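Got a structure for you, written out below as structure tokens; questions coming shortly.
The values are calculated or read from the model by the stated rules, or taken from the named source; none is laboratory data. Since the model is a prediction, treat every value here as computed from it, not as a measurement. Every residue, glycine as well, gets a Cβ built from its backbone with ideal geometry; the counts of neighbours run over all protein chains shown. We work out accessible area using only protein heavy atoms, side chains counted, and drop any ligands, DNA or RNA first. Shrake-Rupley method; radii C 1.70, N 1.55, O 1.52, S 1.80 Å.
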Amino acid sequence: MYELNEKVRSLTPYEPISGKYPVRLDANESFLSLPEELREEIGRAVSRAAFQRYPDPLAGKVTEAFADFYGISPSLVTVGNGSDELLYLLTSTMLMRGESMLVLEPDFSMYRFYGSLSEVEVVSCPKREDLTIDVDEVIRRAKEANARLILFSNPCNPTSLGLPRQEVRRLVRSVEALVVLDEAYMDFWDQSLLPQVEEYENLVILRTCSKALGLASLRLGFAVANRRLTAALRAVKSPYNVNSLSQTVGALVLREKEWASYALGQILASRDELQAALDSLAAEFPGQLQVYRSCTNFIFLKPAGAAGLFEGLLEAGVAVRRMGEFLRVTAGSQEENRRFLEAFRSLFREGRAAE
Ligand code: PMP
């Protein structure tokens with residue numbers, strides 16, 4: 001009988017929150033949909049697509065639009081089928097089997113997953129008690145483990161906290177490993193290393209269209225690195241990894257800078273409103289709710305009784321993400337935030353937080 005190998009035997013498919021919840025604040029997506037005019041333009045462009053042809057392997061148009069959007073050179077960019085694909089690609093090609101990769105804890109859980117599929121040794125470095133990153137400790141552990149790759153998100157999913165650019169620089173300069181800096185949420189903060197990426201021989205920065213740009217459905221991610229690393233990434237990716245429709249639509253939306261900046265403003269306003277309301281709730285219930293200061297489009301919370309609150313929110317039709325004793329809540333539309341806050345406040349007042 002055919003036996004699955006050890007590394008895949010116990011895996012189960014990724015299961016997003018199922019069930020019909022009218023308020024979905026669990027996946028850090030944008031709550032904005034594209035404006036009507038832009039949709040019409042997209043419709044026209046899609047109707048002209050060469051469906052019978054393979055896509056452009058280097059995704060030229062969307063690469064140019066992305067590079068122009070961020071003010072960098074297109075020659076430093078590799079496009080992926082979501083940054084997820086690039087994460088998998090990096091862990092499976094930049095390390096030899098059995099070599100070490102360093103991740104931080106807590107951080108985006110997929111890093112560890114892709115590392116283990118790639119048969120590399122995943123070594124972890126805990127963050128401080130307050131969930132901030134101790135760069136000296138990361139450097140120390142990386143050296144101790146002889147890490148060939150260090151992978152972390154900044155700002156971080158799930159903690160929502162950011163590491164100042166100066167500290168990231170110090171880390172990249174102090175290690176021999178390749179540093180993969182996942183800036184999926186950097187549109188919401190101002191400490192990107194993108195403009196200086198060429199100054200580093202060991203840095204790959206990942207960005208995505210799934211968050212601030214509101215294009216999670218397209219699966220468009222970007223790796224930005226110096227020319228030598230970019231040549232390697234373009235060589236190892238599969239040739240037609242990004243479909244033509246995503247390339248076309250991504251390029252169109254990335255050229256709409258006014259829309260992008262409007263959308264970003266709306267998301268930040270929602271995030272700030274949610275943060276302020278949760279801060280007041282924390283003040284109302286001392287010792288029962290810790291609210292982390294967000295640099296992203298979501299708020300990370302440590303309430304007393306996360307499990308009961310999570311269930312209570314689902315009962316009220318509101319899906320958030322629970323991670324052990326923490327909850328992560330995406331900034332939504334005004335209506336979504338209101339419904340979440342109303343349900344959350346009621347649960348606190350009913351004493352569900354203390355359970
Ligand atoms: N990195 C981080 C830190 C993320 O939170 C996510 C999405 N949840 C990704 C990467 C993957 O994004 P994409 O949609 O580009 O695959």
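With labels modelled as points extended 7 Å from the Cα through the Cβ direction, what inter-label distance (nm, one decimal) is found for E335 paired with S116?
Between E335 and S116, the simple spin-label model gives 4.1 nm.
Then there's this: Which aspartates and glutamates, if any, have their Cα less than 16 Å from the Cα of K20, not counting same-chain residues under 8 positions apart?
Here the aspartates and glutamates satisfying the reach criterion relative to K20 are E311, E315, E336.
Quickly estimate the mean residue ellipticity at 222 nm for the chain, helices only: each DSSP H run with n ≥ 4 gives -39500 (n - 2.57), and the total goes over all residues, rounded to 500.
Value at 222 nm, helices only: -12500 deg cm²/dmol.
Which order do peptides 297-306, 239-248, 66-75 fall in by mean Cβ count within 10 Å, highest first?
For the peptides 297-306, 239-248, 66-75, the packing ranking is 297-306, 239-248, 66-75.
Right, here's the next one. Taking only protein heavy atoms into account and a 1.4 Å probe, give the accessible area per residue of segment 281-329 in Å².
That works out to 37 Å² per residue.
While we're here: Considering only protein heavy atoms and a probe of 1.4 Å, how much of the accessible area of segment 315-355 is carbon and sulfur, as a whole percent?
Carbon plus sulfur share of accessible area: 41 percent.
Can I ask one more? Over segment 45-186, with the other protein chains present, what is the accessible area per residue in square angstrom, probe 1.4 angstrom?
It amounts to 45 Å² per residue over segment 45-186.
What is the chain by shape, rounded, prolate or oblate, if you read a ≥ b ≥ c off the alpha carbon gyration tensor as root eigenvalues and call it rounded for a/c under 1.5, prolate for a/b larger than b/c, and oblate otherwise?
Note, shape of the chain comes out oblate.
Express the carbon and sulfur contribution to the solvent-accessible surface of segment 61-209 as a percent, rounded to the nearest whole number, probe 1.4 angstrom.
46
Along the charge dipole of the chain, pointing to its positive end and built from +1/-1 on Cβ of Lys, Arg, Asp and Glu, which listed residue (V253, A231, P22) has its Cα farthest out?
Checking the options against the dipole of the chain, the answer is A231.
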